[in-house]
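The values are calculated or read from the model by the stated rules, or taken from the named source; none is laboratory data. Predicted model only: the values in this text are computed from it and were never measured. Cβ coordinates were reconstructed from backbone atoms using ideal geometry, including for glycine residues, and neighbour counts include every protein chain displayed.
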Amino acid sequence: MSTKGTGLLAEIAAQSPRKGPACKVGAVEVALEATDRADLRKAFADASITGTAIWRALRGRGHDVDLGAVRRHRAGECQCGRP
Ligand SMILES: [Zn+2]
């Protein structure tokens, strides 16, 4: 196997999140009432709140999201392309 001819930049670009529809967590965030959305964003920004806690709360509200998606969304690694 040879990777000659493939630049590192191209390989990195291939690993970047694709443009596309928001992930499930982003969709939930958008669908929430403004006050709940603000609370969710505060929770994402608060390092003392774990992703698991956020995930459990969302599941408790009936949102079918998985923990990995919550973590990726929080880290900005999902399709939402959060700043
Ligand atoms: Zn997302």
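I'm checking my understanding of the structure. Among residues of the range 36-83 that are small (Gly, Ala, Ser) and near the ligand (Cβ under 10 Å from one of its atoms), which one is farthest from residue 23 (Cα to Cα)?
75
Is it fair to say residue 52 is outside any loop (DSSP other than H, G, I, E, B), at pLDDT 90 or above and more than 15 Å from the chain's Cα centre (by Cα)?
The answer is no for residue 52.
Is it the case that residue 59 is surrounded by 12 or more Cβ atoms within 10 Å (Cβ to Cβ) and touching an Asp or Glu at 6+ places or on another chain (Cβ under 8 Å)?
So residue 59 does not fit the description; no.
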